[in-house]
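Novice: This is the structure, below, for whatever I ask next.
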Amino acid sequence: MATPEPDVTEFGDLAIDTGALLGPRLHAAEVDVLVTGLLCLGLLATAGPLTETPHWAWKPAAAVLGALSLLELLTGITPGKWLYGLTLRNPGGMPARRPALLVRGLVRQAPLAIFVGSLFIRQSPLNVTILFLSFVIACCYVSGCYILFMRIGQTLFDAVAGTRLARRA
């Protein structure tokens, strides 16, 4: 039985292959979730609904989270993509354009924006409800990304923005 050739498209020093990128893509996502999760946990512990007055430590966590979010919105780079040598491209293999990166980043960071917004609401039932809503949306994102990736080889964010993930060769 012949093994099918992988669907690889080469663009200079880039190679786009959804199957070969599965491992690095998942590891990059793990790194991004870990970094973002730790920063969000820091924000929740220092400025969340269980704190009477915000602790000074929320400021550095918010600054780092804001810088990472801005970096992703403008360049598409995340700690995980950087660590695993991944980059975003358009379907033709050229670097993804800024509007596509903005759309991808905004869709990807919607649960994060809702979470951060819930920290500024001091009415207990409302902020806990919004906090829970951001968690539910994040869980739906994971399911949506998995389903789309298995069906079309793209995550939800890439499908919406028209981008592809590529590894630097």
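What follows is calculated from the coordinates using simple rules that are stated; it is not laboratory data. The structure presented is a predicted model; accordingly, all values stated were derived computationally and were not measured. Neighbour counts are summed over all protein chains in view; Cβ atoms, including those assigned to glycine, are modelled from backbone coordinates with ideal geometry.
Novice: Filter the chymotrypsin sites (Phe, Trp or Tyr not before Pro) in the stretch 70-146 down to the DSSP loop ones having no more than 16 other Cβ atoms within 10 Å, then list what survives. List each step's numbers first, then the result.
Specialist: Details: sites: 82, 84, 115, 120, 132, 135, 141, 146; in loops: 84, 120.
The qualifying sites are 120.
Novice: OK, next. What are the radius of gyration and Dmax of the stretch 93-169, computed over its Cα atoms and given in Å?
Specialist: Values for the stretch 93-169 (Cα only, Rg and Dmax): 15.4, 51 Å.
Novice: Then there's this: So if R0 is 41 Å, what FRET efficiency would residue 90 and residue 132 give, r being the distance between their Cβ atoms, rounded to the nearest 0.05? Mind dumping the intermediate values first?
Specialist: On the way: r = 36 Å, r/R0 = 0.89.
After rounding to 0.05, the efficiency reads 0.65.
Novice: Let me ask something else about it. Taking a point 7 angstrom from the Cα of residue 122 along the C-beta vector, which residues in the stretch 17-57 have backbone N less than 14 Å away?
Specialist: 47-55
Novice: To the nearest whole percent, what portion of all C-alpha pairs in the chain is separated by more than 26 angstrom? Walk me through the numbers on the way to the answer.
Specialist: Values: 4832 of 14196 pairs.
Taking all Cα-Cα pairs of the chain, the fraction more than 26 Å apart is 34 percent.
Novice: Counting pairs of alpha carbon atoms under 8 Å apart in space and at least six apart in sequence, what relative contact order in percent does the stretch 16-169 give? Present the calculation step by step, with values, prior to reporting the outcome.
Specialist: On the way: 167 pairs, mean separation 43.0, N = 154.
It comes to 28 percent, rounded to a whole number.
Novice: Also, quick follow-up: What FRET efficiency, computed as 1/(1 + (r/R0)^6) with R0 = 35 Å and r the Cβ-Cβ distance, is obtained for residue 56 and residue 152, rounded to the nearest 0.05?
Specialist: Details: r = 46 Å, r/R0 = 1.31.
That gives a FRET efficiency of 0.15.
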